[in-house]
Amino acid sequence: MSTQQNTIHLSIGGMSCAGCVAAVEQALQQAPGVEHASVNFAEHTADVQGDVQADTLVKAVEAAGYEAAELQGTEEEAEEKEAAELAHYRELLKKTVVAAVVGTPLLLMSVSDNMPELSGAGRWFWLVTGLITLAVMRYTGGGFFTGAWKSFRNHNANMDTLIALGTGAAWLFSMLITLVPALVPEQARHVYFDAALIIIALINFGSALEMRARGKTSEAIKRLIGLQPKTARVVRNGQEQDVPIEQVGLDETLRVRPGEKIAVDGEIIEGHSSIDEAMLTGEPLPVEKQVGDEVAAGTMNKSGTFLYRATRIGKDTALARIIQMVRQAQNAKPAIGRLADRIAGVFVPTVLIIAVITFVIWFNFGPDPKISYMLVATMTVLIIACPCALGLATPISIMVGVGKAAEYGVLIRNGEALQRAGQLTAVVLDKTGTVTEGRPAVTELITTDGDEAQLLQLAASLEAGSEHPLAEAIVSAARERNLHLASAQNFNAITGHGVEGDVAGSRVLLGNKKLLHDHGIEISAHEARARELADRGGTPMFVAADGRYLGIVAVADKIKEDSRAAIDRLHQNGLKVVMITGDNRVTAEAVASQVGIDEVMAEVLPQDKADKVAELQRRGEVVAMVGDGINDAPALARADVGFAIGSGTDVAIESADITLMRGSLHGVADAISISNATVRNIKQNLLGAFVYNSLGIPIAAGILFPFTGLLLNPMIAGAAMAMSSVTVVSNANRLRWFKPERAAA
Amino acid sequence: MSVMINLLGLLLIGFIVWWFWLARSGEAKTVTNTVDVIVADGVYSPAAIEVKQGETVKLNFIRRDASPCAEKVIFADLGVSAELPINQTRQVEITPQQRGEFEFTCQMGMYRGKLIVK
């Protein structure tokens, strides 16, 4: 057993002096498996050799009090891959040409009936031809034979087995009758060197075409990788300098000018700008960013110049993680593909058995010269069978579909989600932040005594410590009015009802009707106003101090501009749209009626959301839950497909099956459309592959011969086989042109 | 002669069934820490890897086959997958929690190997 020598490049953060170098080096050296570690202070990087994982090294550095991240040139890797693929493609074409150049004259002789006799000088001609054929087969098709032999030893059989047996049998038979023509009757003395060569040429050509087509399936990944700038402008010792992206360290300061791409993830520390994040999130409008806001690698700075501090580099940036996620998902296999896998697993041995049966049947029932028919039919069966089309059908569509989704800011985590998204019957939308902006603001203050400032001040003081979005709206409204906030004691949040606490000696209550009712406080004076506010979709919050009712703080959360249009699209897809919220029924209904929701589940406590999803499932619905992914985690996990929405460039949402990087509900409709299209594409591919094989193999075996006298030429079988996988890949490539429908605005 | 050919056919079918399906449990390579898995000529070598339950193994996949078939390795039941760059080592770390046999394949299921967890 050998140990693997790896070199891992790390970026090191937090090294303030040359003395730190020794500490980091020591930490790295002591990590298990490390043979050599060297730290470059100027570049803030480290190179480590040994049998060790990058994660282990990162932890070791962090344990020593510094920061580290693995540097990996995804672009370099992609370029290398492309170069290797191009070389392989050329090699395949070269082999195609060589096999065709030798095979075609032989084929022409055969079809024009100008083949030398297998006697006298003719035999010498065929002997030499046979040896040349062998040499050409070795060069152009040697891989099939090595592959066939190696898999055979492993009790496995694959496409190589079929091609090697088919072409090998053709050569062996031809060589045998060249050497000993008396073995077979006169009319069966026909050589098949041309068939062996042409089949190999066709299959190599098919592989080359398939490779070309495959290159396009990873276009989405290439586009994402291309977003990563190669250099960054860092500020070191007060000097700005352009450095390769691999040399940017954590916590370094970088400058971005208008029209430039952001190099690594970071936080703005000086200046402001509007940033186009469309390439990452699909959000068409540029986003305003200022000091303290996060910026993501690969996005485009539009107008301003700013300085930012690198917070995530290398493999850790949002862009790198998106690429990683898309790659992972592209390898996923939904249940629909598992069946094809199982069939592929037994396919080749089954074809071998069919080939033997074909051989025996032609022997028993075939016309003379039997041996020719036996050989041709058996060879054709082996060559026409295409396990590749079957095996390719699912993964190739998934590759394109998942990539397409990423283009629209939809990150699909696994194959199951992709398949189920096409089977949904109901979509549950969380109200706040999903249907609405999720940034509520105070819209009105209604008092019993006219003292608006006091009402707001009490409410804001009580809520100052709370992180509830409604609380933040109240606090920021108070700040805008320059109200002094007192500190609240004995603060208590009553989930689903409101909050209570002591402010400046008074016991203050803030919450819904129920909360005040429960405390026996009369609010009848404002009940009509409250209903009116709620009818418009606002949230009236009642305030009382020491048992005395003071008034209403009305907070409203604006409905997102495109929610209505997106929900219309969901309806067009035949989905039932349900809204779930902790808000009171009146507020919820008001929002629901404005956007066209079918069913409202109001006043649902956060912990009950998952139960509501389960309730819908019991009614026979296949349910999607759309939420922010943090508060809704149990409901997202419970749903058949969980969507986390509007997380911007934060892609690390574990509870969601599908992450929408843009805040719009259109993402849900897009995801469903793309999933439907992908699953449809997979089905077409599988059906095509099944039909091809289940028609092709019997015809090759000669099932039509007794009725029509038709027996396929093995070279036609070679062409059919070569084209079948190309067809599957090309069909999957059609998905690249897929555009989700948009409801008329 | 005719009986012989028929018998030969029958024997051949019997051999295919036995060799590819019944006798598949070829010798597995027992692995405790790290193993190099060569990806070439349509097979993983070794194709059967035996590991202990709960123990982490590092599989160093080294891909020599330039055809795109070989570019991914997928442990479908374990939810693990990796892209394999040509002529480079890509390490896949696995800590199997359950006993049993887990197949690993290329994307199309032509390359096949199995992880036997004991």
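What follows is calculated from the coordinates using simple rules that are stated; it is not laboratory data. From a predicted model like this one, the values you see are computed outputs, not experimental measurements. Methodologically, a virtual Cβ is constructed for each residue, glycine included, from the backbone with ideal geometry; neighbour enumeration extends over all protein chains shown.
Diffusion coefficient (Stokes-Einstein, Kirkwood radius over C-alpha pairs, 37 °C, 0.692 mPa s) for chain A: 106 µm²/s, rounded to a whole number.
In summary, the convex hull built on the alpha carbon positions of segment B:25-117 has an orientation-averaged projected area of 5.1 nm².
Distance cut-off 26 Å, Cα to Cα: go down the list A:Lys216/A:Lys576; A:Lys683/B:Lys72; A:Lys81/B:Lys118; A:Lys315/A:Lys558; A:Lys59/A:Lys289 and report the pairs above it.
Listed pairs above 26 Å: A:Lys216/A:Lys576; A:Lys81/B:Lys118; A:Lys315/A:Lys558; A:Lys59/A:Lys289.
In chain B, the longest principal axis of the Cα atoms and the axis of helix B:2-17 are about 20 degrees apart. Over all Cα atoms in segment A:588-632, the spread is summed up by Rg and Dmax: 11.4, 28 Å. The rule of thumb for compact globular proteins, 2.2 N^0.38 Å, goes into the C-alpha radius of gyration of segment A:92-197 1.13 times.
When only Cα pairs below 8 angstrom with a gap of at least 6 residues are kept, chain A shows a relative contact order of 13 percent. Measuring between their Cα centroids, segment A:297-369 and segment A:72-136 lie 29 Å from each other. With N the number of residues in segment A:334-410, Rg(Cα) / (2.2 N^0.38 Å) evaluates to 1.68.
Mind checking which helices in chain A clear 20 Å along their axis (Cα) and have mean Kyte-Doolittle hydropathy of -0.5 or more, DSSP H runs only?
What comes out of the filter, once short or polar helices are dropped, is A:74-111, A:121-153, A:159-179, A:193-217, A:335-365, A:370-384, A:387-407, A:666-701, A:714-733.
Using C-alpha pairs below 8 Å separated by at least 6 residues, the relative contact order for chain B is 25 percent. Note on segment B:1-73 and segment A:708-737: Cα centroid distance 28 Å, given to the nearest whole angstrom. Computed about the Cα centre, the dipole magnitude for chain B is approximately 120 debye when only Lys and Arg (+1) and Asp and Glu (-1) carry charge, each at its Cβ. Geometric descriptor of segment A:404-477, per residue, is 148 Å³ (volume of the convex hull of the Cα atoms).
Hey, any idea what Rg/Rh is for segment A:381-531, computing Rh the Kirkwood way over Cα pairs? Result for segment A:381-531 is an Rg/Rh of 1.32.
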